[in-house]
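All remarks here apply to the structure that follows.
The values are calculated or read from the model by the stated rules, or taken from the named source; none is laboratory data. What you are looking at is a predicted structure, and each value in this text was computed from that prediction instead of being measured. Here the Cβ positions follow ideal geometry from the backbone for every residue, glycine too, while neighbour counts run over all protein chains shown.
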Amino acid sequence: MPAINEAKEICLDLMRNNARVTPALMGLPGSGKSDVAVQIGRELGYSEDRILVVHINNYDVVDFTGVPSVTNGYTVFNPTKFFYDFREGTGGGLIIFEELPQSTHHHQTWFAGFELERQTESYKLDPEVRMICTGNRAEDKAGAKQLLSHLNDRLWFFDIETSVEAWCKWAVQNGLNPIGIAFLRLRRELLNAFDPNRRSNPTQRSWTKLFTQIPEGMSTANYLAACAAKVGEGAAAEWVAARDMMAKMPNIDAIRLKPDTMEIPKEPSVQFAVATSLSTSTTVDSFARDLIYIDRMPKEFAMVYLSDVMTMHPELQQTATFRDWSMKNQDIFLGAH
């Protein structure tokens, strides 16, 4: 089972090679399938107006086939504009069909024909338009049903596996709370712990919303209640307790002033927070001082720091500072493989 970033790369290769390949990304609710589908569209080079997200259950099948009317005594089907914008002659694009396994058999029957023939009664898709599907699996107990067998035969299925490393890389690139990223590195099993019997669950989607939508200035009691509303009481309690401890980490500016003498925290949660806060705020000028401090920490935190830095500033790999440090610490890189 590929990790979600690996599935993305495989889909990109397939879809670049042939516009008629239709992948289906399947996995737990909140595991990033929708975001990856949109990323695929962007990496295929399509502008936002050429990436169409269709929540298939929000429509009647008539919306897809075209609303019928009588003209000159004949029934004609009037196409829905959002699909008509992708008709033959309009150029490439990506149509993302969300929640396909949660759809009715009527919807599935329509989609099976559309995916195969790439046309309706009133128009054809442009040959360069691509399609991709997302959905939950039946075992995820999130409303998914078994797909029709002839539809299964037309799709390329990827049961995606969640990855803390992939999510952290994405979170660093998108400026999420460094302490939140550090917490999920420490409590990896909480990144996606979906339970269909709970209303609120810790998932990639839920954590992202928690870190971006809950204001930091709330009282502790209100902040805890808001977190519980999104990820559930158990995960929220762990996060708030860890956040309070991580907040006691040494000041990042002070570390960079005296990287060779500043205290190294003993708590692993605080060490994760320090390494992540350093990596997400590093610059070309601070990189050398950061490495002096990181070199004094347990070796696993060097990989945490460097993984983030190489994501945000790959050009630093070309510096003499990095080359000298990596030569002295070859065992760290060998241990990572």
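Residue pairs whose Cβ atoms lie under 6 Å apart, separated by 6 or more positions or on different chains, with the first residue in segment 237-254 and more than 14 Å from residue 183 (Cα to Cα) and the second among the hydrophobic types (A, V, I, L, M, F, W, C) and assigned to a helix (DSSP H, G or I), do not occur. Given the condition touching a Leu at 6+ places or on another chain (Cβ under 8 Å), charged (D, E, K, R) and not in a loop (DSSP other than H, G, I, E, B), answer yes or no: does some residue in segment 224-235 qualify? Within segment 224-235, one or more residues are touching a Leu at 6+ places or on another chain (Cβ under 8 Å), charged (D, E, K, R) and not in a loop (DSSP other than H, G, I, E, B).
Which of the following residues is out of contact with any Leu (no Cβ under 7 Å at 6 or more places or on another chain) and either in a strand (DSSP E or B) or free of Cβ contacts under 8 Å to residues at least 12 places away in the same chain (or both): 180, 113? One residue alone meets the criteria, 113.
Within segment 185-229, the set of residues being closer than 18 Å to residue 33 by Cα, of a type outside the set (Phe, Trp, Tyr) and touching a residue at least 60 places away in the same chain (Cβ under 8 Å) comprises 192, 201, 203, 204, 205, 206. With respect to the stated conditions, residue 272 fails to be under 22 Å from residue 180 (Cα atoms) and either surrounded by fewer than 16 Cβ atoms within 10 Å (Cβ to Cβ) or without any contact (Cβ under 8 Å) to a residue 40 or more places away in the chain (or both).
So for segment 119-135 (the condition being in contact with a Pro (Cβ under 8 Å, 6 or more places away or on another chain), of a type in the set (A, V, I, L, M) and surrounded by 17 or more Cβ atoms within 10 Å (Cβ to Cβ)), does at least one residue qualify? Yes - at least one qualifying residue is present in segment 119-135.
Identify all residues within segment 275-294 that are closer than 25 Å to residue 330 by Cβ and exposed (fewer than 15 other Cβ atoms within 10 Å of the Cβ); write none if there are none. Result: 284, single match. Across segment 238-257, the number of residues qualifying as under 19 Å from residue 302 (Cβ atoms) and not in a helix (DSSP H, G or I) comes to 2. If the condition is being in a helix (DSSP H, G or I) and either within 13 Å of the chain's Cα centre (by Cα) or of a type in the set (A, V, I, L, M, F, W, C) (or both), then segment 10-26 contributes 10, 11, 12, 14, 15. Scanning segment 72-89 for residues that are over 29 Å from the mean Cα position of the chain (by Cα), part of a loop (DSSP other than H, G, I, E, B) and at pLDDT 90 or above turns up 88, 89.
Among residues of segment 27-70 being polar (S, T, N, Q) and in contact (Cβ under 8 Å) with a residue 12 or more places away in the chain, the one that is nearest to residue 208 (Cα to Cα) is 31.
Helices (runs of 4 or more DSSP H) fully within segment 262-313 that include at least 1 residues being under 23 Å from the mean Cα position of the chain (by Cα): 268-281, 299-312. Against the test of being more than 22 Å from residue 172 (Cα to Cα) and surrounded by fewer than 19 Cβ atoms within 10 Å (Cβ to Cβ), the options 297, 218, 245 yield a single qualifying residue, 218.
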